[in-house]
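Working notes for the structure below.
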């Protein structure tokens, strides 16, 4: 990246380091065994969980995040508004549309514009494609955590179907940068909805096979059932989010509680499981994939009915020269007016949230009227779910750690931002 | 007797032949084949190709040779903190001891071609097969690494759990034939009366016990890479790691041979002659082929299962597997009493 | 119709669950063992022909450029930069500095915003990304090579394929023939 | 419940503590005094705001203050969950210790650690206040304050 850090100066000696709070050592109780799971560990991803075990039972867990921290909040302050979109989507590239959408919405709220209806449907389209892909990614990682190599390969293979669709729609496999202030960047190409319907039918068939080989497999069931139980009140108290929260019996989904885009016009269910254990969290994700497929069907039907509508807000489209409209007619590509580069956003504060695959992501955006944000505070779903490790792991066995880690679907780059 | 005959005689001297050829060379070939099969099976189930780029005509079979060479020429890193002598000796001892049960296993009914002629081959081979696991625990202890020690402890828990089940279930065949000699056990299965069919309980117990003993899925617990990196073998690298893995697979081969003899009729339906070829080589080939098929089934399970938790595996072993083996023993005695054998 | 929450419980475990579950898992495994339905791309022997509209490497059409620097301003990774080149004006005969965009592929994230923001369509994407540079310095390309499509170096001898979504098998590879879109 | 009703509700709820209520875009911002924040937080929690969505701080070098904001919402009451309520207070920039709300909302645990590392604000009463994401040496520089400047490159190549 282009940023240079100014401010670090001089050398810091070891004795200075010891004064710093991060180097506080904490006492290890008698008869405890400290194991560092991560960061260069096959079962941890880019994070470290320091666990203290008594025999085979974890008595204390300390999630140590930050190995892939990219200072997005600080970088965002120094860049123009539009540059935030490709920057923030890098926290979860396989869920790119979902994680950048609230930023775009927050800026739209400040600008006081609302995108055209077709743009909203296209956003929902990519959001749900991303959601399915991200769930499949999570399944794959979970599979390898439980030692089920087939469940590692299958979802990654089937995810390719959705990635391929997203590639066709946006021109990039993962980092789509698709929603943009006032609309989206491309229209759905010819023949896209037919392929989408095929993919939906294919995925429904595959979910049944996932159930047979993985979710209902007695070995996996034994591993997951009654492990990592988060009771409803604890889930609320810890403020966890997403499928993990709903698997604990809390009826909360941003798409339902604070609908954005066109989610309040679509017909779908919010599955809520009551048990709160790892198996319920897996079933929760399976059910959510089914609902996403259902949403996608409706979106495909709507898109077929409303072809050729505008997908960019008038503020950025009315003044566009004829060449722009010609390009849009021919290729479906929305060209950006040069004002985007130096867009000034009116003073104010906005809060926007969206339901990503892993839960709720929230952006607090404050503008002082300049062409750069004054402050962007991002709290992603994984950042809020990370707290689970500290409060849920104690009392479980060491071999439950990968199970709980996988079922929470924690994604370190998203958590570290 | 000229010197060529002498050399041939030494080579086909049963104890030597059994240890060198049937104990080292054949398992090496079989293990390479099985590893290739394991990778290809998993790849097929998982909708990919598996090893392919080394020798595409052979389906990537030479990939395993390439891997073997890589292990052989990799640097063996010995960390400063390990107990060097034990660290080096433990895997080698485990390898040797995992072959040793074969000295008691007859591959033919002709007494001349038994490695050590005796009437207690079932007992001796089972007793010897339990020794090598101790050295895996030793290797983990010598590694002086947290993950190694956790893996070693898991291994030691698993030893206590699977051993009894395997021993009792294979001994049930001895009870069925009223003999501790594998030759009698095999001969009693004449006419396709395989004990796997006659006594499925004991066979199931032995099969699952071997899965546990050789860290096959769904019991791949000591080495489970997501919690304990590589379990007891965390600190091993290069050839020593290869030796460790080889010991595990040779163990699986030896157990498969034992199960083949006890439950799949050994060299039957072939009737050994007296010469080296008809009396020793052909029956041993049949046994090895049967054992290989069994190993292939073990390998296939990798594609279908994840792994149990340690306490669940122990729970399963003590509460289900052990009674199953006992029932198998009872069933065997009952069948012997009723004269079904 | 708005979304509605629906309480659910995970399926109960019956008496024969263990038996049935194991059997189902093994049957699915065996089914795929005999009929693997792979969609692996055997890369050097075959490569994907990407669709038109894929955001690949970027090329400048020099004649269309109006030197507005919009592309450099919008570039989120600071990959696109303007350089000043002295150029003679044919009418007046005076030499003046003219701005041209150049790109540094070490930084480019292929977001395609420069292409979309260009008011005269002077930039376009080539639909491939298999380009080999021999060292890092080469990736910071100059104006001359920015105006030519980068050389497609890898997998030249392979057959081009395109993935098509299939209802039964997920993705199916179909050989791609020149001039055949979709 | 519309956003204005929510603002009124919060205003009535925190009656004597309220310094200022501001209605933003999908956001009700309530300003209280620092010494009242724990009491206000307890009242908010009793009213149903059961979790913290994020804890953030914003540096205003010109005014010489730092604003600390707890964004609250509800999981258990659907009518409160439509909009987000920001419970904020200002402290002078040179003050570096404020009361922790960990005792009220457990969900503030990691979030307060994040504010601590970015701004160097110590939350008194937090049981385990260590930098969360940054290395300790970087956290010392208080990187999220406005006087820590990240330079961006110009658009012209040298």
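The values are calculated or read from the model by the stated rules, or taken from the named source; none is laboratory data. Quick caveat: nothing in here was measured; it's all calculated off a predicted structure. FYI the Cβ positions are ideal-geometry reconstructions off the backbone, even for glycines, and counts take in every protein chain you see.
Here are the numbers for this structure:
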item: Flag for residue A:190 being under 18 Å from the mean Cα position of the chain (by Cα), free of Cβ contacts under 8 Å to residues at least 40 places away in the same chain and either outside any helix (DSSP H, G or I) or surrounded by fewer than 24 Cβ atoms within 10 Å (Cβ to Cβ) (or both); result: no
item: Selected residue (criterion: surrounded by the fewest Cβ atoms within 10 Å (Cβ to Cβ)) from residues of the stretch B:1-43 that are without any contact (Cβ under 8 Å) to a residue 40 or more places away in the chain and closer than 30 Å to residue C:35 by Cβ; result: B:29
item: The stretch D:61-92 - residue that is without any contact (Cβ under 8 Å) to a residue 40 or more places away in the chain and more than 21 Å from residue A:235 (Cα to Cα) and, of those, farthest from the other protein chains (Cβ to nearest Cβ); result: D:92
item: Flag if residue B:135 is touching a residue at least 12 places away in the same chain (Cβ under 8 Å), part of a helix (DSSP H, G or I) and within 30 Å of residue B:17 (Cα to Cα); result: yes
item: Count - residues of the stretch C:141-167 that are without any contact (Cβ under 8 Å) to a residue 24 or more places away in the chain and either in a helix (DSSP H, G or I) or out of contact with any helix residue (DSSP H, G or I) (no Cβ under 6 Å at 6 or more places or on another chain) (or both); result: 7
item: Residues of the stretch A:345-370 classified as away from chain D (no Cβ under 11 Å), more than 21 Å from residue A:176 (Cβ to Cβ) and surrounded by 14 or more Cβ atoms within 10 Å (Cβ to Cβ), total; result: 1
item: One residue from C:53, C:112 being within 11 Å of another protein chain (Cβ to nearest Cβ), modelled with pLDDT under 85, within 19 Å of the chain's Cα centre (by Cα) and buried (at least 17 other Cβ atoms within 10 Å of the Cβ); result: C:53
item: Criterion violated by residue C:107 - all others in (1) modelled with pLDDT of 85 or more; (2) assigned to a loop (DSSP other than H, G, I, E, B); (3) more than 8 Å from chain A (Cβ to nearest Cβ); (4) surrounded by 14 or more Cβ atoms within 10 Å (Cβ to Cβ) satisfied; result: (3)
item: Filtered residues of the stretch A:82-113 (kept if away from chain D (no Cβ under 12 Å), out of contact with any helix residue (DSSP H, G or I) (no Cβ under 6 Å at 6 or more places or on another chain) and farther than 18 Å from residue A:412 by Cα); result: A:86, A:101, A:104
item: Some residue of the stretch A:296-311 being touching a helix residue (DSSP H, G or I) at 6+ places or on another chain (Cβ under 6 Å), within 12 Å of chain C (Cβ to nearest Cβ), buried (at least 23 other Cβ atoms within 10 Å of the Cβ) and in a helix (DSSP H, G or I); result: no
item: Test: residue in the stretch A:391-411 that is over 19 Å from residue A:235 (Cβ atoms) and within 12 Å of chain D (Cβ to nearest Cβ); result: no
item: Enumerated strands (runs of 3 or more DSSP E) restricted to the stretch A:30-103, each holding at least 3 residues that are in contact with a strand residue (DSSP E or B) (Cβ under 9 Å, 6 or more places away or on another chain) and surrounded by 18 or more Cβ atoms within 10 Å (Cβ to Cβ); result: A:48-54, A:57-64
item: Residues satisfying the stated conditions in the stretch A:258-283, i.e. in a helix (DSSP H, G or I), within 18 Å of the chain's Cα centre (by Cα) and more than 8 Å from chain C (Cβ to nearest Cβ); result: A:281, A:282
item: Test: residue in the stretch B:292-312 that is part of a helix (DSSP H, G or I), surrounded by fewer than 20 Cβ atoms within 10 Å (Cβ to Cβ) and in contact with a strand residue (DSSP E or B) (Cβ under 7 Å, 6 or more places away or on another chain); result: yes
item: Members of the stretch A:202-239 that are within 16 Å of residue A:274 (Cβ to Cβ), in a helix (DSSP H, G or I) and within 14 Å of chain D (Cβ to nearest Cβ); result: A:232, A:233, A:234, A:235, A:236
item: Lone unmet requirement of (1) in contact with a helix residue (DSSP H, G or I) (Cβ under 6 Å, 6 or more places away or on another chain); (2) assigned to a helix (DSSP H, G or I); (3) free of Cβ contacts under 8 Å to residues at least 40 places away in the same chain; (4) surrounded by fewer than 21 Cβ atoms within 10 Å (Cβ to Cβ) for residue B:270; result: (2)
item: Residue in the stretch D:92-101 that is under 18 Å from the mean Cα position of the chain (by Cα), surrounded by 23 or more Cβ atoms within 10 Å (Cβ to Cβ) and farther than 30 Å from residue C:81 by Cβ present; result: yes
item: Test for residue C:165: is it under 22 Å from residue C:83 (Cβ atoms) and touching a strand residue (DSSP E or B) at 6+ places or on another chain (Cβ under 8 Å); result: no
item: Residue A:286 surrounded by fewer than 22 Cβ atoms within 10 Å (Cβ to Cβ) and more than 30 Å from residue C:9 (Cβ to Cβ); result: no
item: Those residues of the stretch A:149-173 which are under 11 Å from residue A:139 (Cα atoms), surrounded by fewer than 23 Cβ atoms within 10 Å (Cβ to Cβ) and more than 10 Å from chain B (Cβ to nearest Cβ), in sequence order; result: A:159
item: Only listed residue being in contact with a helix residue (DSSP H, G or I) (Cβ under 9 Å, 6 or more places away or on another chain) and either more than 10 Å from chain A (Cβ to nearest Cβ) or crowded, with 17+ Cβ neighbours inside 10 Å (or both), chosen from C:32, C:47; result: C:32
item: Residue in the stretch B:59-77 that is within 30 Å of residue A:143 (Cβ to Cβ) and within 14 Å of another protein chain (Cβ to nearest Cβ) present; result: yes
item: Lone unmet requirement of (1) touching a strand residue (DSSP E or B) at 6+ places or on another chain (Cβ under 7 Å); (2) within 14 Å of chain A (Cβ to nearest Cβ); (3) within 21 Å of residue A:171 (Cβ to Cβ) for residue C:121; result: (1)
item: Failed item, numbered, when residue B:68 is tested on (1) assigned to a loop (DSSP other than H, G, I, E, B); (2) closer than 30 Å to residue C:38 by Cα; result: (1)
item: Residue count, the stretch C:115-140 (criterion: over 20 Å from the mean Cα position of the chain (by Cα) and either closer than 22 Å to residue A:183 by Cβ or outside any helix (DSSP H, G or I) (or both)); result: 4
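Quick grid of which residues meet (1) at pLDDT below 85; (2) within 25 Å of residue B:268 (Cβ to Cβ):
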| site | (1), (2) |
| --- | --- |
| B:192 | yes, yes |
| B:195 | yes, yes |
| B:212 | no, no |
| B:225 | yes, no |
| B:229 | yes, no |
